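Structure record follows, encoded as structure tokens.
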Amino acid sequence: MVNIVGLEDTLAAHPFAADMDPDVLRTIAGCCSNAIYHPGDYLFREGEPADAFFLIRHGQVALEIHVPQGAPIVVETLEDGEIFGWSWMLAPYTWSNDARANDQVRVLKLDATCLRRKMEADRALGYELYRRFLPVMAQRLASSRMRIVELATEPRPIRARPKG
Amino acid sequence: MQHVGAEPPDPPALRHTADRSRRIALDQCAAAPNADASRMPPAPALLTRDGLDALLAALHADGFRVLGPTVQDGAIIYDDVVRVADLPVGWTDRQDGGSYRLERRDDTAVFGHTVGPYAWKRFLHPPLLRLWRAEPGADGVEIATDAHAAQPMAFLGVRACELQAIAIQDKVFLHGPFVDPHYKARRQGLFIVAVNCGQAGGTCFCASMQAGPKAEAGFDLALTELADGFLVEAGTARGAVLLDRLPHRPASEEEQQQAAAIVAATAAQMGRHIPDAAALPALLLGNLDHPRWDAVAQRCLSCGNCTQVCPTCFCTNVTDTTDLTGATDRTRRWDSCFAVDFSYIHGGAVRPAPRSRYRQWMTHKLASWVAQFGTSGCTGCGRCVTWCPVGIDITEEVAAIRAAPAPAAAAPAAPQSPP
Amino acid sequence: MDAMPAPVRHADPMVPRPFRITRVIREIDGVFTWRLAAVDGAPFDFRPGQFNMVTQFGVGEIPVSISGDCRRPETLVHTIRAVGPVTEAMQGLRAGAIVGIRGPFGRPWPIDAAIGSDVIFVTSTIGLAPLRPLILEVLHRRQDFGKVVICYGTRGIHDIMFEEDLHAWRARFDTNVHLTVHSAPSGYRGRVGGVAAAIHAARIDGPATVAFVCRSEALTRQAVNTLGERGVTPDRVWVTLERNMKCGIGLCGHCQFGPSFMCKDGPVYRFDEIEALYSVREF
């Protein structure tokens, strides 16, 4: 049986919930559960319903893009203290990539259906969650753009010509 | 009247090479400009026109390669001179933005012109120079350099703005952490006969840049052309020694006053002005995004004429060439910051737009030069104005920015000197 | 101009010294490292951060930072990426070939500015080459510094240079290596992402940290900003910039940057010294 009070403390200790209003915290904690994944486990897969989002407590999670004609490509890894998964906020609420545990990963998993219902009922709660999600999304977007700049401006090395 | 348009003539082949190998006494090589300033100034002397011929003869006799103004290709060109008749006697020039014309004078003045497209830098910092040659050898490669010319040079007819230009290039090539051995070899032993300008050209603004029209320092002898002779001042001991060997007499008080009046009249005659030149670094570096840079870029052809005629521009590039024996020559040649490739690094040029290249040239010349070398890079000689094919006028560009500067708050801080 | 002039031995800074390539190491595709020894046998003294002008006779001359250990002056080390005609020709040279070296030139990394502080190195791909002598020297004098963190990013797992060094540094208990790649095959256990994320993950005391950054100029600003988020202010961030150095001695004008010539006043700068001009476009 999940101990709600213990979860609330765990949630409060995560950077995502820093300085969060206790009422909001309690409401969110009501949709929250602990989860553990083992190396290689999928946290979610592309196309599945986005029914949760995740706060990483310990471990490394790889965000992977499935490539039809080859092995999946890891495009970003996330670690302790970070959050991921925003498809739960946007219709049609399906995951647009895979997430996989690189090692033993402990997360707080927030039930999306539960949260969406509470946010619809309490717009202030919705605002608070958006306010915490948006900067993370913006930072990831900005960093992705800089990664494009880096890859685009890196000189293309000339391969050595085979002798003879 | 001759018209050469606004294109500097091709450089004539430098005629003097190894055939003149006479050496001069070491003390002449070692003399530094103004080294003996404390013993100066001896009383000014008066040299007749024959005395000027004697000066030329004495310099030749002492083993100098004597270079001075000549009339060639419709312009005043510095080249080898032997006698007064080689000089532009009875010639003057008329200059304005994008225009240069030689005209006959109604007298036989020897130095009755101002500066032409050549600057003395071509003799101290040659446009084309082999730096070394490498040949396959016992150790893999043998590298050798050309011996420096043994014959020292004498410049005759160096204007005040040009003395300043030489002093500026001295700072660049001799007084930094690295010395250019080629410049040093040419500069050592250089004998300078300066001339105080008897008239200012249409694009002259040396007075604004505190670079003229009177030669104040950096010469061995300085002449002021009077109606019937030359007032001569010695700037160094070896200048005074040479003067003693020439037919001369002490200049009268009246002649000295005449000479002073001539220089004063020239100073009042400047065709162009840059007021408060000391304020330029802060003004220009505070206006790096001024709309005027866009306006000037509409006119600028990026031809680089201004950098080639400028007496202080010193940029060079190198080219390696090989021959069938496997030898490599590295040749240095003048370059220009107006060339797109000038700033090329892998991926592209740092300054692809003409706007940024003109800004680079002008802010270097008038602003960042001060932080680098403790002096403006501009002497007010006006060559860049005259020889610009479209008549872009550096004084006008400064005035335009000054008339509508960016608000102080928006301007980036002026950079500090290099650490 | 083809007669052989008289051989002269002098300290002409424009004349290269012959060096023999003693070993060629393929780092990654298109990147190779040369070990060189002076033909005259004299040691080559330099300080971390300095560069040489390297000539392949008959082809041309390029600036290359020195990537060896300044405590081993008998071996000169250069790591070169083939991106243009000269570097492509250099890629074809084998051990035994003679090249010309002028240098060392440029302002070195100010290692003493970091004494007593935490040190973070931020770089990517071939940018590790100019930092390598500094990292080696910091590790030589390890007791002079606080925490030492190396943030190094590459395109993928096959683009990691100096892998032996990275393994050795990672094996030390007193050094943290944050290696990050932009993408990796599924199952890769390392960090995937930008260098900025590695900076965020670094365990440093920001206000007591000195940073040495060698990134392409497009990414330098981002590195400085990210370091700023960690409390490392621009007056404690040292960066290298890049212009087309031609002479290496401040006489040819090509690498001018405002009041400095990068070849002699740089290429290492404290970021706050150049911040204003750095943000002017096409300057």
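Quick notes
- Assessment of the range B:302-310 against the conditions (at the interface with chain C (Cβ under 10 Å from one of its Cβ atoms) and open to solvent by 60 Å² or more (accessible area, probe 1.4 Å)) yields no matching residue.
- Listed by first and then second residue, the pairs linking a residue in the range C:254-283 that is open to solvent by 40 Å² or more (accessible area, probe 1.4 Å) and at pLDDT 90 or above to a residue that is aromatic (Phe, Trp, Tyr) and assigned to a helix (DSSP H, G or I), with Cβ atoms under 8 Å apart and 6 or more places separating them unless they lie on different chains, form an empty list.
- From B:156, B:163, residue being over 13 Å from residue B:123 (Cβ atoms) and either part of a loop (DSSP other than H, G, I, E, B) or in contact with a strand residue (DSSP E or B) (Cβ under 8 Å, 6 or more places away or on another chain) (or both): B:163
Results for (1) touching a Pro at 6+ places or on another chain (Cβ under 7 Å); (2) among the small types (Gly, Ala, Ser); (3) in contact (Cβ under 8 Å) with a residue 24 or more places away in the chain, shown as yes or no for each residue.
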| residue | (1), (2), (3) |
| --- | --- |
| B:204 | no, no, yes |
| B:211 | no, yes, yes |
| B:215 | no, yes, yes |
| B:221 | no, no, yes |
| B:232 | yes, no, yes |
| B:236 | yes, no, yes |
| B:250 | no, no, yes |
| B:255 | no, no, yes |
| B:260 | no, yes, no |
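- Residues satisfying the stated conditions in the range A:52-94, i.e. more than 14 Å from chain C (Cβ to nearest Cβ), part of a loop (DSSP other than H, G, I, E, B) and surrounded by 20 or more Cβ atoms within 10 Å (Cβ to Cβ): A:85
- Within the range C:56-94, being acidic (Asp, Glu) and closer than 17 Å to residue C:33 by Cβ holds for C:69, C:74, C:88.
- Listed conditions (1) assigned to a helix (DSSP H, G or I); (2) in contact with a helix residue (DSSP H, G or I) (Cβ under 7 Å, 6 or more places away or on another chain); (3) buried (at least 22 other Cβ atoms within 10 Å of the Cβ) are all met by residue B:376, apart from (1).
- Candidates B:160, B:109, filtered to the one that is in contact (Cβ under 8 Å) with a residue 24 or more places away in the chain, in contact with a Pro (Cβ under 6 Å, 6 or more places away or on another chain) and away from chain C (no Cβ under 14 Å): B:160
- Selection within the range B:236-278 - touching a helix residue (DSSP H, G or I) at 6+ places or on another chain (Cβ under 7 Å), surrounded by 15 or more Cβ atoms within 10 Å (Cβ to Cβ), in the same structural domain as residue B:46 (by TED's automatic domain parsing) and charged (D, E, K, R): B:238
- Residue check for residue C:247: more than 7 Å from chain B (Cβ to nearest Cβ) and in contact with a Phe, Trp or Tyr (Cβ under 7 Å, 6 or more places away or on another chain): no
- Flag for residue B:390 being of a type in the set (Val, Ile, Thr) and part of a helix (DSSP H, G or I): no
- Some residue of the range B:122-136 being among the aliphatic types (A, V, I, L, M) and open to solvent by 10 Å² or more (accessible area, probe 1.4 Å): yes
- For the range B:115-125, a tally of residues being assigned to a loop (DSSP other than H, G, I, E, B) and either under 16 Å from residue B:66 (Cα atoms) or in the same structural domain as residue B:312 (by TED's automatic domain parsing) (or both) returns 3.
- Hits in the range C:151-201 - residues which are away from chain A (no Cβ under 12 Å) and among the small types (Gly, Ala, Ser): C:168, C:171
- Annotation note: of B:143, B:166, the sole residue that is at the interface with chain C (Cβ under 10 Å from one of its Cβ atoms), among the β-branched types (Val, Ile, Thr) and buried (at least 18 other Cβ atoms within 10 Å of the Cβ) is B:143.
- Annotation: residue B:80 fulfils all but one of (1) surrounded by fewer than 19 Cβ atoms within 10 Å (Cβ to Cβ); (2) closer than 29 Å to residue B:169 by Cβ; (3) out of contact with any His (no Cβ under 7 Å at 6 or more places or on another chain); (4) modelled with pLDDT of 95 or more; the unmet one is (3).
- Note on the range C:192-214: residues that are under 11 Å from residue C:151 (Cα atoms) and either open to solvent by less than 40 Å² (accessible area, probe 1.4 Å) or among the aliphatic types (A, V, I, L, M) (or both) total 12.
- The C-beta contact set for the range B:358-373 (first residue at the interface with another protein chain (Cβ under 10 Å from one of its Cβ atoms), second residue part of a helix (DSSP H, G or I) and among the aromatic types (Phe, Trp, Tyr), distance under 6 angstrom, 6+ apart or interchain) comprises B:359/B:293.
Every residue, every condition in (1) in contact with a Lys or Arg (Cβ under 8 Å, 6 or more places away or on another chain); (2) more than 18 Å from residue C:181 (Cβ to Cβ), yes or no:
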position	(1), (2)
A:101	no, yes
A:115	no, yes
A:132	no, yes
A:135	no, yes
A:141	no, yes
A:144	no, no
A:148	no, no
A:154	yes, no
A:157	yes, no
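- Within the range C:8-77, strands (runs of 3 or more DSSP E) holding 1 or more residues that are touching an Asp or Glu at 6+ places or on another chain (Cβ under 9 Å) and surrounded by fewer than 19 Cβ atoms within 10 Å (Cβ to Cβ): C:17-28, C:31-38
The values are calculated or read from the model by the stated rules, or taken from the named source; none is laboratory data. Predicted model, so just to flag it, every value in this text is computed and none were measured. Please note: Cβ atoms are built from the backbone with ideal geometry, for glycine as well, and neighbour counts cover all protein chains shown. Each accessible area value is taken on the protein alone, full model and side chains, heavy atoms only, with ligands, DNA and RNA left out. Shrake-Rupley method; radii C 1.70, N 1.55, O 1.52, S 1.80 Å.
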